[in-house]
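The values are calculated or read from the model by the stated rules, or taken from the named source; none is laboratory data. Please read all numbers here as calculations on a predicted model, not as lab measurements. So basically every Cβ, Gly included, is an ideal-geometry build from the backbone, and we count neighbours across all protein chains shown.
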Amino acid sequence: MENLTNPHIKELMPRVAASSRSGPGIYLDCNELPYPPSPKVVQAIVEAIPRLNRYPDTLGGSLRKALANYAGVAEQKVIIGNGSDDLIELIIKVFIAPGEEVVILDPTFPIYALSTRVMDGHPVIFRRMTDFGIDFQYIIENITSTTKAIFIANPNNPTGSLVARQDLMHLIENVDCLVVIDECYYEFSQETIADLVDVYENLLILRSFSKSFGLAGLRLGYSIANKNIIDYLYRATQIYPINSLALVAGAAALGDWEYISSKVRQVCQERDLLREKMEQMGFIVSPSTANFLFVNTKPLGITSTNLSRILREQNIWVRDFGGKLGLDNYYFRTAIGTPAENQKLQAALNELLNNHA
Ligand SMILES: *Cc1c(COP(=O)(O)O)cnc(C)c1O
């Protein structure tokens, strides 16, 4: 058995189950939408159940058309995946040979590095600047000839920071590798460069139904790129990566835009309110164009690990980044919940600061 396992797989960490979130908790640790899917999505899923004896459409059927329409591109420029995580791995499978480099800008979404290792590629970590912006000139001057791809989450997770379209264009024009822009929080940020997939042959956009569409449990994501890239990606994907319930639910979610846009608007309003409140408490809160806030606890003299643990005792879940991804011991991320949940978080933080000051 030991001799049979690929050496690069042996180097990966064992997968452990995340603590189980059950009961009436306040779950702000995964950047999910705090609202259930729209009733139209639920209805579409229920109506599709009797046909589960049949295989799903390959290539995503009518959802692919709906997404092309939503993104303003031709259908052949869209590929659907079992969550955008699935597409991250597919992109690496198709474009990165063993030992080739993938540039990753920490602190960022850890799946880029994980998927690179799973595919026996070599993640090369560049650091973001102290304000979590990107030194594009440094990247252009320091990537090597074996760099095959750069992954940039925009807005970035966990920092919430957004880089400008002009800067991304400058990067894409000055490197030979694939540039993957992860726009998983697009509906919150309203910023996209998907319109440039025909201008740049090395540009790939990632999107997801997990955050703004409130369908994290369903696993649905998509990518937008030129027809060539999408053709190669489809050659290497599974025949039926998307289950039929996800296909109908995705189409129904896009069809109920009013529901999503009102939820997104509410979350953004709450985000700006919560940021102001937390700054008044003395936290340093990074500007965010997404549905979460990245918070520095250092001015208050409490580590993020301690803060997260105390919140957890009240069943309030945030994501601790203390000591992770090259950060010091003072960072956590909190998603934006419902107004009631955000108020409970504020109250818990106020109490915590009074007791620990
Ligand atoms: C949450 C997240 C994803 C994962 O999306 P799925 O579609 O659920 O796989 C991808 N990229 C970033 C930056 C994320 O924060």
(request) Could you check how many residues of region 227-243 are touching a helix residue (DSSP H, G or I) at 6+ places or on another chain (Cβ under 8 Å), crowded, with 19+ Cβ neighbours inside 10 Å and assigned to a helix (DSSP H, G or I)? (result) 2
(request) Scan region 108-166 residue by residue and report those that are of a type in the set (Ser, Thr, Tyr) and farther than 30 Å from Lys10 by Cα. (result) Thr130, Tyr138, Thr159, Ser161
(request) Please identify the pairs in which a residue from region 304-326 that is on the phi > 0 side of the Ramachandran plot has its Cβ atom under 9 Å from the Cβ atom of a residue that is among the polar types (S, T, N, Q) and modelled with pLDDT of 95 or more, counting only partners at least 6 apart or on another chain. (result) Gly323/Thr303; Gly323/Ser304; Gly323/Thr305; Gly323/Asn329; Leu325/Thr108
(request) Of all residues in region 74-99, count the ones that are farther than 21 Å from Leu215 by Cα and either among the basic types (Lys, Arg) or surrounded by fewer than 21 Cβ atoms within 10 Å (Cβ to Cβ) (or both). (result) 9
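In the list Ala216, Ala252, which residue meets the criterion of being assigned to a helix (DSSP H, G or I) and either without any contact (Cβ under 8 Å) to a residue 24 or more places away in the chain or of a type in the set (Gly, Ala, Ser) (or both)?
Values: Ala216 fails: assigned to a helix (DSSP H, G or I).
Step by step, each of Ala216, Ala252 is checked, and only Ala252 is assigned to a helix (DSSP H, G or I) and either without any contact (Cβ under 8 Å) to a residue 24 or more places away in the chain or of a type in the set (Gly, Ala, Ser) (or both).
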(message) Of the residues Ile193, Ile224, only one is among the β-branched types (Val, Ile, Thr), crowded, with 18+ Cβ neighbours inside 10 Å, under 16 Å from the mean Cα position of the chain (by Cα) and closer than 22 Å to Val163 by Cβ; which?
(response) Ile224
(message) Please go through (1) within 16 Å of the ligand (Cβ to nearest atom); (2) assigned to a helix (DSSP H, G or I); (3) of a type in the set (A, V, I, L, M, F, W, C); (4) within 15 Å of Ile88 (Cβ to Cβ) for Ile181 and return the number of the only condition it doesn't satisfy.
(response) (2)
(request) Find the residue count for region 96-124, including only residues that are farther than 27 Å from Leu218 by Cβ and more than 16 Å from the ligand (Cβ to nearest atom). (result) 10
(request) Please determine, by comparing only the residues of region 204-219 that are crowded, with 23+ Cβ neighbours inside 10 Å and farther than 16 Å from Ile260 by Cα, which one is nearest to the ligand (Cβ to nearest atom). (result) Leu206
(message) Among the listed residues Glu2, Glu32, Glu47, identify the single one that is assigned to a loop (DSSP other than H, G, I, E, B), among the acidic types (Asp, Glu) and either more than 16 Å from the ligand (Cβ to nearest atom) or free of Cβ contacts under 8 Å to residues at least 60 places away in the same chain (or both).
(response) Glu2
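Restricting the search to region 142-175, which residues are part of a loop (DSSP other than H, G, I, E, B) and farther than 30 Å from Ile284 by Cα?
Of everything in region 142-175, those that are part of a loop (DSSP other than H, G, I, E, B) and farther than 30 Å from Ile284 by Cα turn out to be Ile143, Thr144, Ser145, Thr146, Val175.
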(message) What's the number of the only condition in (1) within 16 Å of the ligand (Cβ to nearest atom); (2) surrounded by fewer than 13 Cβ atoms within 10 Å (Cβ to Cβ); (3) over 20 Å from the mean Cα position of the chain (by Cα) that Ala18 fails to meet?
(response) (3)
(request) Among the residues of region 74-121, write down those that are under 29 Å from Asp57 (Cα atoms) and in a loop (DSSP other than H, G, I, E, B). (result) Ala74, Asn82, Gly83, Ile96, Met119
(message) What pairs come out if I take residues in region 263-279 that are among the basic types (Lys, Arg) and pair them with residues that are part of a helix (DSSP H, G or I) and surrounded by 15 or more Cβ atoms within 10 Å (Cβ to Cβ) whose C-beta lies under 8 Å away, six or more apart or interchain?
(response) Lys277/Gln346
(request) Test Glu187 against the criterion of being under 30 Å from Asp320 (Cα atoms) and surrounded by fewer than 18 Cβ atoms within 10 Å (Cβ to Cβ), and give yes or no. (result) no
(request) Please indicate, with yes or no, whether at least one residue in region 250-266 is within 13 Å of Ile91 (Cα to Cα), away from the ligand (no atom under 12 Å from the Cβ), under 18 Å from the mean Cα position of the chain (by Cα) and of a type in the set (A, V, I, L, M). (result) no
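If only one of Lys40, Lys10 is farther than 30 Å from Leu345 by Cα and without any contact (Cβ under 8 Å) to a residue 24 or more places away in the chain, which one is it?
On the way: Lys40 fails: without any contact (Cβ under 8 Å) to a residue 24 or more places away in the chain.
On inspection, the qualifying residue turns out to be Lys10.
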(request) Kindly establish whether Ile193 is out of contact with any Pro (no Cβ under 8 Å at 6 or more places or on another chain) and either at pLDDT below 95 or closer than 24 Å to Glu75 by Cα (or both). (result) yes
